[in-house]
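First comes the structure, then the notes that go with it.
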Amino acid sequence: MFDPEGRARLTPASSTGRVLISDSLMGCTEVEMKEASTPDKEKTEKEEKNEEPPKDPELLTLEDIRDYVKYIEKSVTTKEPRFMLRVARGISGVRHRLNSNILRRLLQGYMQSPSQLAVKEDLLTFLGEPMLTNGVSAQFRPRSGKMASIPVIPEIEVYLHLLVLIHLIDLKQLEKAQICSEKLMQKLLLQNRRTLDILAARCYFYHSRVFELNNQLDTVRSFFHTRLQTSVLRSDFDGQATLLNLLLRNYLHFNLIEQADKLVSKSTFPDHASNNEWARFLYYLGRIKAAQLEYSEAHKHLLQALRKAPQNTAIGFKQTVQKLAITVELLLGDIPERATFRLPTMKKTLAPYFQLTQAVRTGNLPRFNEVLSQYGSKFQAENTYTLIIRLRHNVIKTGVRMINLSYSRISLLDIAQKLALDSPEDAEFIVAKAIRDGVIEATIDHEKGYVQSRETSDVYKTREPMAAFHQRITFCLDIHNSSVKAMRFPPKSYNKDLESAEERREREQQELESAKEIADEDFDGFP
Amino acid sequence: MNITSAAGVLSLLDEPEPQLKVFALEKLNKIVDFFWAEISESIDKIEVLYEDPSFKQKELAALVASKVYYHLGSFEDSLTYALGAGNLFNVNDTSEYVETTIAKCIDHYTRLCVGNTEGSDEDRKPVDARLEAIVNRMFQRCFDDKQYKQAVGIALETRRIDIFERAILESEDVNYMLTYSLKVTMSLIQHRQFRNTVLEVLTKLYMGLATPDFINVCQCYIFLDDAQSVAEVLEKLVKGDEKSVLMAYQIAFDMYDSATQQFLTRVQTPLRAAAPVPTLEKDPETGDKKPIQASDESEKDEDTTEGTSMDTSESSKDAKDAKYKHLSEPERTLQDRLNKLTGILSGDTTIDLHLQFLIRNNKTDLLILKNTKDAVRNSVCHSSTVIANAFMHCGTTSDQFLRENLEWLARATNWAKFTATASLGVIHKGHEKEALNLMSTYLPKDNSPGSAYSEGGGLYALGLIHANHGRNITDYLLNQVKEASSDMVRHGGCLGLGLAAMGTARQDIYEQLKFNLYQDDAVTGEAAGIAMGLVMVGTKSAQAIEDMVAYAQETQHEKILRGLAIGIALTMYGRMEEADALVDSLCRDKDPILRWSGMYTIGMAYCGSGNNQAIRRLLHVAVSDVNDDVRRVAVTSLGFLLFRTPEQCPSVVSLLSESYNPHVRFGAAMALGIACAGTGLKEAISLIEPMTNDPVNYVRQGALIASAMILVQQNDVTCPKSSHFRQMYSKIISDKHDDIIAKFGAILAQGILDAGGRNMTISLQSRTGHSNLEAIVGILVFSQFWFWYPLTHFLCLAFTPTCTIGLNSDLKMPKLELKSNARPSMFAYPPNMEEKKENKKDKVETAILSITAKQKKKEAEKKKEEEKMDVDEKPDINTEKKGDKSADKGEKSSGEKETEEEGKKEEEKKKEPEPNFEMLNNPARTMLAQLKVLSMTEGSRYQPLKDISNGGIIVLGDIKQGEKEEIVEPVAAGGPKIEDEEEEPEPPEPFEWTED
């Protein structure tokens, strides 16, 4: 089980190269990192510029948040979800720079209208007593004059509330966080605004997170069910995607794989969901399928999840997916590529799986057992143990195949020895099963007690290469199509670089005139 | 929640004991929201339970099934089972499930009802009683919550007349609800038949009010095409007291504004019969059919001005007069009133008043024409200048420009001569009394063989003068067409006849036109085709359609085909879905001309409706047809559909306006011009502007014309781009390198921009919101200038004077001031062009303005001094008169030099801060936007019968009856003249044609 909120996110410091690798089960959801690229970079630049008079970091954060709030307003007025997405991405960037002081100033600054006093007081109580710092620095006044008395739009209120909630989670004040989160949910239930959808989705996410940390995940399931239905009715894609994932996570947390499977099969995941939600969804799907013995399906989903995940971040998530993917691949009878284990971000955490792979690859059953006993607890923690147990059979099969490839004829006794089986009879049974499953192509001579391998056929004479190529080509075309679909064109700018009609007319006129001149000259030349 | 799976509960369903099953269902009902995914696997078991007759709790099973389907997103099934759940389905619940299901329920019910009312008998489906019960419960809830508007809306959607009526009657403000319902009905119901049913209910309700709202009732009757009822209402009103008589007049004016010629005739017939001395029918069937001689017609006009009937023969008139004398006093007044009423209904009064208004306020800038005339060199531009002149002077009767440039005019030959002659008809549009006299020089005569082109043009001109109001002239034209010898005369005659007899559907005229069509002469046939359409406009006459389509498929001449294409489209005017079958067959034809005829038919049939299906169809053809003409016409037709919602048009055509296909771009420009005509809409202009630089010449032409149609009457304040376009037109005209086709467009644009002496706008709907048939027809035929430029004149049918005219009970214009609560510059005339040298005329006009401004200031001062209005009125009017006189003088003495004093005054005026209101004299020029800020002056002796901000002709009630009224003096037609010229308006001098 990976940590959905992702501790291994990139901090601004890490954008300079330091990558946090969690060695245990902390994954990271993809979301966190993308946003670091834009606003954070700007920030670092800003910081560099202002190096001489070192600006108060709190002030910088406040300014950033003010920018985000402006984006929210812009998004609401223009009804353009693009800006809101940016804000949602920015949440994790802001997250690690928050402190109670900043939040307090934010609330004071934005919630000035009398009608929102109660809300403000309410939120302030969560933040506890103000710390006595070096004198209250200049008052943060994001809105002045008339603006101050107008209540902020619900989107901003929800945003600030969410920041408070996240901060409480970070402070590990889980009791408080739960109350805070429930209040936030109350607020959301009252609103029916499409501009709020994206923020609401983030809120659900943290709501679920709080309950998970409090080990009360089962209590929120019904709430998410109702919200899911609502968001389906309102065509709220972000909410739908997030809630579906949260429900799946919820079910899988309690190993209710069947329930999860039914939910997935009866509902449709929105096409328009963000890549991050897609990656999560595919991962959950992979887990469900793997548990239900549909390995090739599971592998496909996991691979897609890896591809959908952000390239440079969300390392924890990728590690978790990779582990499962390796296990499933092994179950499929394939051997993962060695390069997978060499990636710097993966090397350490994948080490047990590397050993496991080696055991399977060589069909070395003793080695396999050794690995299993050594890392068993770890595998259990990573939820791959049950799958890995199933591998034992694969190890034997691989062993048989290796033998089949290396020897054109071998006695059953030798096979038993090589596979550390008890008797040649056992070996005979296993080989017979392998032949029937199509793992190897051979015949058993029972009387003489040996196995005769058949000549391997040339794979290039079959249709297999074509099928493989076809699969790759369709994959490429799919990627192309979906990337075209994902492109956004700013309205009305498709003809910007075309020459304007006036220019064209001018040019044509000039051409005509010069043609005339040339013609005249020609005429002069030949009277 | 303590269970993690519904499997246990579901297994109970397999138990044989019904009690267990019921228990299971109850349990499932509770947990279905969270385990629907799991339960849906066993939905068949639940369905079986629902259908099992022996099972007691069927409804519970249905409810569970409904909820499962709801979660699965299959709302139709969910609804079916919800209906099966009976009372267990609680409509008053506020849960999302119930709300969604009810919404689906209403949608489903609406679909069923609409299908049942509109579909044929075979595909009529019985409506589930349970479904109806739920909808009824929702209606009841609307009533309980006093949400009457909602109830009206849903009732109209679901075709529930009973609820509709109830909602209106139960509401607190019945009057307001009626107005609201009428608006909704007219704008949102697209189905003609149902709309009529609703209107019938509305009229019933209107008449049931304590004080019946006759104005609205009559509007409804127009839509219902119920002339008899209108006549009854009018008759009742006329026999009532003074106020109701005035109301009758007002209604009659509104009727003329909105109804067709045919309808009005049908209203008049019973009214005439009701009079003590029944006036003779003017309809040719009963009236005298003797061909009218041009000479004695003019004489007769002299003495019929005060009378009502204009073409009754002398003898019958005498008899009538004799009878009139025998009448008693009350009968005499009744007779008078009825005469006036029929006069109004026949349109004579309205046309006269408009003519007066246009003559009086003519503000044409002759300098523009002069510059254009000097700049152009070739025949195309020559013709277009003549047409532009006609547009600028449309209805003003001022042929000054032509008379000043006779020699230049004489350059026109052949069809150009035809056009030039016809342009007189545009200038004298509505000047019916003098029509034959004016045109006598050009009309065919027995003795001298004149030029066939000018004779044809003369007949065409007569048609234009009497367009849509040709009772007095049709027979003359019919005879001329019968006797015509050359195809040019027949061409002009057919067009003129079509115009004059527009919408009358007279069989004899139709037969004559058909006869002309069957001559299979290209020139005659084209005009005959159009004329047939004009005569039969909006009748959907099966005979006419059959004739025209059959001949169109037969003829070899493209010209005839084009004429018929327009004719077919016109016949289907306003018939909405009734035209669908014809459109389908036309669109399947392999001949592109018939296909584009189909496109125009859509435009005509659905004009102003904004029907989505029609728009979709046009857009589809606009991008898919193989023929350029068809695509162009399809896009153009969009304009006809969208003219009621001009702000939508730019977004619909924005992509088309950037099409690679120049024909489509041209069509987009025209669509914008038609839909946004006269609005000055910024979005439309910003789409048009790039097209004025298009590389293709005809696209530029279209863009220029369309821009003028949009900007007509706009000044720099109302639309900042207008002066930019003005400059562009003159630049294009004077640019030697520019294409002739584009120049043609620019010259026309100049004419359109200043239409009718800057007092007319283009409007496809009347003030009361009816589609303006004359204007729509005019623009449709005008759009044929693409093929045949003499048809350009048709645009003048679309010009409507922007005036507010107050009338007293004698139908005379009393002196009256209206207050326009806006800065004078807001709706001022655009400034005249300034000549580089000294421009005398221009300055004289500004000087006049300064006088009136000064004088107004004086008035204001006087008012301050003396509070009593009664005393104040007289001297006021005297000064007013002086002002008027000097204004007249100024106009007349256009050649005189301006005095220095006036120059000084002008400067003074500039320094004064602009007042934020303006006083307008009756008849007032009021632009559409200006109507909103229009009000009566406080303490005025007149009370308007309807809100003055409607504009148009408004009948005024007089508070101080008996006192002497000041009447605005009528002005003579014929444009500015030298002062000591005789009163009789002079026809323009005959000009010589040089044949070269």
Q. Among the aromatic types (Phe, Trp, Tyr), over 30 Å from A:Leu246 (Cβ atoms) and more than 10 Å from every other protein chain (Cβ to nearest Cβ) - does that describe any residue in the stretch B:63-77?
A. no
Q) If A:Asn192 passes every condition in (1) within 14 Å of another protein chain (Cβ to nearest Cβ); (2) in a helix (DSSP H, G or I); (3) farther than 22 Å from A:Glu277 by Cα but one, which one does it miss? A) (2)
(Q) Anything in the stretch A:222-251 that is within 9 Å of chain B (Cβ to nearest Cβ) and not hydroxyl-bearing (Ser, Thr, Tyr)? List them, or say none. (A) A:His225, A:Gln229, A:Val232, A:Leu233
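Of the residues B:Thr197, B:Thr211, B:Thr179, which single one is over 23 Å from B:Thr350 (Cβ atoms), among the hydroxyl-bearing types (Ser, Thr, Tyr) and not in a helix (DSSP H, G or I)? I'd like the intermediate steps shown before the answer.
On the way: B:Thr197 fails: not in a helix (DSSP H, G or I); B:Thr179 fails: not in a helix (DSSP H, G or I).
Being over 23 Å from B:Thr350 (Cβ atoms), among the hydroxyl-bearing types (Ser, Thr, Tyr) and not in a helix (DSSP H, G or I) holds for just one of B:Thr197, B:Thr211, B:Thr179, which is B:Thr211.
Results for (1) farther than 30 Å from A:Asn312 by Cα; (2) at pLDDT 85 or above, shown as yes or no for each residue.
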| site | (1), (2) |
| --- | --- |
| A:Pro352 | no, yes |
| A:Lys378 | no, yes |
| A:Ile396 | yes, no |
| A:Leu419 | yes, no |
| A:Asp437 | yes, no |
| A:Ile444 | yes, yes |
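For every residue, the table says whether it meets (1) more than 27 Å from B:Val717 (Cα to Cα); (2) at pLDDT 50 or above.
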{"site": "B:Lys881", "(1), (2)": "yes, no"}
{"site": "B:Lys889", "(1), (2)": "yes, no"}
{"site": "B:Lys892", "(1), (2)": "yes, no"}
{"site": "B:Lys910", "(1), (2)": "no, yes"}
{"site": "B:Pro915", "(1), (2)": "no, yes"}
{"site": "B:Met919", "(1), (2)": "no, yes"}
{"site": "B:Ser940", "(1), (2)": "yes, yes"}
{"site": "B:Pro944", "(1), (2)": "yes, yes"}
{"site": "B:Gly952", "(1), (2)": "no, yes"}
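Considering the stretch A:252-266 alone, what residues qualify as being closer than 21 Å to A:Leu233 by Cβ and more than 7 Å from chain B (Cβ to nearest Cβ)? Walk me through how you get there before you give the answer.
First, the residues of the stretch A:252-266 that are closer than 21 Å to A:Leu233 by Cβ: A:262-266.
Result: A:Val264, A:Ser265.
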(Q) If I ask for residues that are out of contact with any Ser or Thr (no Cβ under 7 Å at 6 or more places or on another chain) and surrounded by fewer than 24 Cβ atoms within 10 Å (Cβ to Cβ), which ones from the stretch B:759-773 would you list? (A) B:Arg767, B:Gly769, B:Ser771
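Quick check on my filter: what residues within the stretch B:23-36 are under 25 Å from A:Leu244 (Cα atoms), away from chain A (no Cβ under 12 Å) and buried (at least 21 other Cβ atoms within 10 Å of the Cβ)? Talk me through it step by step, then tell me what you get.
Step one: list which residues in the stretch B:23-36 are under 25 Å from A:Leu244 (Cα atoms), which gives B:27-36.
Cutting the leftovers down to away from chain A (no Cβ under 12 Å) gives us B:27-29.
Residue satisfying the conditions is B:Leu28 alone.
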Q. Out of curiosity, is B:Leu169 under 28 Å from the mean Cα position of the chain (by Cα) and either part of a helix (DSSP H, G or I) or crowded, with 17+ Cβ neighbours inside 10 Å (or both)?
A. no
Q: State which residue is nearest to B:Arg758 (Cα to Cα) when the search covers only the stretch B:701-740 and only residues that are surrounded by fewer than 17 Cβ atoms within 10 Å (Cβ to Cβ) and within 14 Å of chain A (Cβ to nearest Cβ).
A: B:Lys731
Q | Cβ pairs under 9 Å, 6+ apart, first in the stretch B:345-364 and under 14 Å from B:Gly430 (Cα atoms), second in a helix (DSSP H, G or I) and among the small types (Gly, Ala, Ser) | A | B:Thr349/B:Ala252; B:Thr349/B:Gly343; B:Leu358/B:Gly756; B:Leu358/B:Gly757; B:Ile359/B:Gly757
**Q.** The one condition in (1) within 14 Å of chain A (Cβ to nearest Cβ); (2) within 54 Å of the chain's Cα centre (by Cα); (3) more than 21 Å from A:Leu233 (Cβ to Cβ) that B:Ser42 fails to fulfil
**A.** (2)
Q.
What's the number of the only condition in (1) free of Cβ contacts under 8 Å to residues at least 24 places away in the same chain; (2) under 20 Å from the mean Cα position of the chain (by Cα) that B:Glu546 fails to meet?
A. (2)
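Quickly run through the stretch A:229-288 and pick out the residues that are not in a helix (DSSP H, G or I) and not aromatic (Phe, Trp, Tyr). It would help to see each step written out before you state the result.
Here is the first cut: in the stretch A:229-288, the residues not in a helix (DSSP H, G or I) are A:234-236, A:254-256, A:267-274.
A:Arg234, A:Ser235, A:Asp236, A:Asn255, A:Leu256, A:Ser267, A:Thr268, A:Pro270, A:Asp271, A:His272, A:Ala273, A:Ser274, listed by residue number.
Considering only residues that are of a type outside the set (Gly, Ala, Ser) and surrounded by fewer than 23 Cβ atoms within 10 Å (Cβ to Cβ), look in the stretch B:676-693 and name the one that is farthest from the other protein chains (Cβ to nearest Cβ). First the steps, then the outcome.
Initially, the stretch B:676-693 is screened for residues of a type outside the set (Gly, Ala, Ser), giving B:676, B:679, B:681-683, B:685, B:687-693.
In the following step, the residues that additionally are surrounded by fewer than 23 Cβ atoms within 10 Å (Cβ to Cβ) were identified as B:681-683, B:689-690, B:693.
Numbers: B:Leu681: 18, B:Lys682: 16, B:Glu683: 13, B:Glu689: 10, B:Pro690: 6, B:Asn693: 4 Å.
Filtering first and then ranking leaves B:Leu681.
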Q: Considering (1) of a type outside the set (S, T, N, Q); (2) more than 18 Å from B:Ser624 (Cβ to Cβ); (3) in contact with a helix residue (DSSP H, G or I) (Cβ under 6 Å, 6 or more places away or on another chain); (4) away from chain A (no Cβ under 14 Å), say which one B:Arg644 fails and leave the rest.
A: (3)
Q.
Conditions first: (1) touching a residue at least 24 places away in the same chain (Cβ under 8 Å); (2) assigned to a loop (DSSP other than H, G, I, E, B); (3) farther than 27 Å from A:Glu370 by Cα. A:Asn383 passes all but one, so which condition is the exception?
A. (3)
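Does at least one position in the stretch A:280-293 carry a residue that is surrounded by fewer than 19 Cβ atoms within 10 Å (Cβ to Cβ) and within 13 Å of chain B (Cβ to nearest Cβ)? If you could, list the steps in order and put the result at the bottom.
The first filter runs over the stretch A:280-293 and keeps only residues surrounded by fewer than 19 Cβ atoms within 10 Å (Cβ to Cβ), leaving A:291-293.
Now narrow it down to the ones that are within 13 Å of chain B (Cβ to nearest Cβ): none.
The answer is no; no qualifying residue exists.
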**Q.** Complete set of residues in the stretch B:83-119 that are of a type in the set (A, V, I, L, M), closer than 13 Å to B:Val135 by Cα and more than 14 Å from chain A (Cβ to nearest Cβ)
**A.** B:Leu83, B:Val91, B:Ile106, B:Leu112
Q.
Restricting to the stretch B:402-450, give me the number of residues that are surrounded by 23 or more Cβ atoms within 10 Å (Cβ to Cβ) and of a type in the set (Phe, Trp, Tyr).
A. 2
Q. Considering only residues of the stretch B:1-17 that are surrounded by 15 or more Cβ atoms within 10 Å (Cβ to Cβ) and within 13 Å of chain A (Cβ to nearest Cβ), which is farthest from A:Gln259 (Cα to Cα)?
A. B:Leu10
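Could you identify the single residue in B:Leu49, B:Leu20 that is part of a helix (DSSP H, G or I), over 17 Å from B:Thr101 (Cβ atoms), in contact with a Leu (Cβ under 6 Å, 6 or more places away or on another chain) and more than 11 Å from chain A (Cβ to nearest Cβ)? Don't jump to the end; show me each part of the working.
Working: B:Leu49 fails: in contact with a Leu (Cβ under 6 Å, 6 or more places away or on another chain).
Just one listed residue meets the conditions, B:Leu20.
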Q) Is it true that A:Ala434 is of a type in the set (Gly, Ala, Ser), outside any strand (DSSP E or B) and over 41 Å from the mean Cα position of the chain (by Cα)? A) no
Q: Could you run through the stretch B:794-836 and say how many residues are within 27 Å of the chain's Cα centre (by Cα) and in a strand (DSSP E or B)?
A: 11
Q: Test A:Lys492 against the criterion of being over 30 Å from A:Val400 (Cβ atoms) and either at pLDDT 80 or above or within 14 Å of another protein chain (Cβ to nearest Cβ) (or both), and give yes or no.
A: yes
Q | the stretch A:201-221, subset assigned to a helix (DSSP H, G or I) and within 14 Å of chain B (Cβ to nearest Cβ), residue modelled with the highest pLDDT | A | A:Phe211
Q: Could you grab me the full set of residues in the stretch A:333-355 that are under 23 Å from A:Ser296 (Cα atoms), over 20 Å from the mean Cα position of the chain (by Cα) and assigned to a loop (DSSP other than H, G, I, E, B)?
A: A:Gly333, A:Asp334, A:Ile335, A:Pro336, A:Glu337
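The values are calculated or read from the model by the stated rules, or taken from the named source; none is laboratory data. Keep in mind the model is a prediction, meaning the values are calculated, not measured. Counting neighbours? That spans all protein chains shown, and the Cβs are built from the backbone with ideal geometry, glycine included.
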